[in-house]
1. Contact order normalised by length for region 1-75, with contacts defined as Cα pairs under 8 Å and 6 or more residues apart; what percent is it?
2. Out of every Cα pair in region 2-86, what percent are spaced more than 17 Å from each other?
3. Against the longest alpha carbon principal axis of the chain, how many degrees, from 0 to 90 and to the nearest 10, is the axis of helix 32-48 turned?
4. Taking the Cα centre of region 2-86 as the origin and placing charges on Cβ (Lys, Arg +1; Asp, Glu -1), which of Ile61, Asn36, Ser14 is farthest toward the positive end of the dipole?
5. Placing +1 at every Lys and Arg Cβ and -1 at every Asp and Glu Cβ, with all other atoms neutral, what dipole size does the chain have around its Cα centre, in debye to the nearest 20?
6. Using R₀ = 25 Å, calculate the FRET efficiency as 1/(1 + (r/R₀)^6) where r is the Cβ-Cβ separation of Arg27 and Ala48; round to 0.05.
Amino acid sequence: MGQAAGLRLRALRSQGTAVRLALAVSRRVGGAVVRNRLRRRLREAVRAELAGILPGTDLLISAGPEALRWNFQELRARLREALRRAGAWAEGPESQKR
């Protein structure tokens, strides 16, 4: 399990080559509009970091209220850190170009 303040990530290896994503955003974050906005930002952050994620990984990302305060670059940095801690980040040359 990878954690960065306000962001928890669980990664499991699967049989396929696709990266699959599940998002959980607590009601403590805010109303439906706020939670959906955070889900969209998380989905886009994963899309932006997709080249560095190990193929065949299933991800569960849980976000708390702290995640609302981060700009997009900080969100991506915290996501990368959580991926590293969970062992789902490829340490190859492509991922070092970020």
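1. With pairs under 8 Å counted, the relative contact order is 50 percent.
2. Every Cα pair in region 2-86 considered, those over 17 Å come to 41 percent.
3. 20
4. Highest projection toward the positive end goes to Asn36.
5. On the way: 21 positive and 8 negative charges, 79 e Å.
Charge dipole of the chain: 380 debye, to the nearest 20.
6. The pair Arg27/Ala48 has a calculated efficiency of 0.40.
Just so you know, all these numbers are worked out from the coordinates, no wet-lab data involved. Note that the coordinates shown come from a computational prediction; the quantities given were computed from them, not determined experimentally. With ideal geometry, Cβ positions are generated from the backbone for all residues, glycine too; neighbour counts draw on all protein chains shown.
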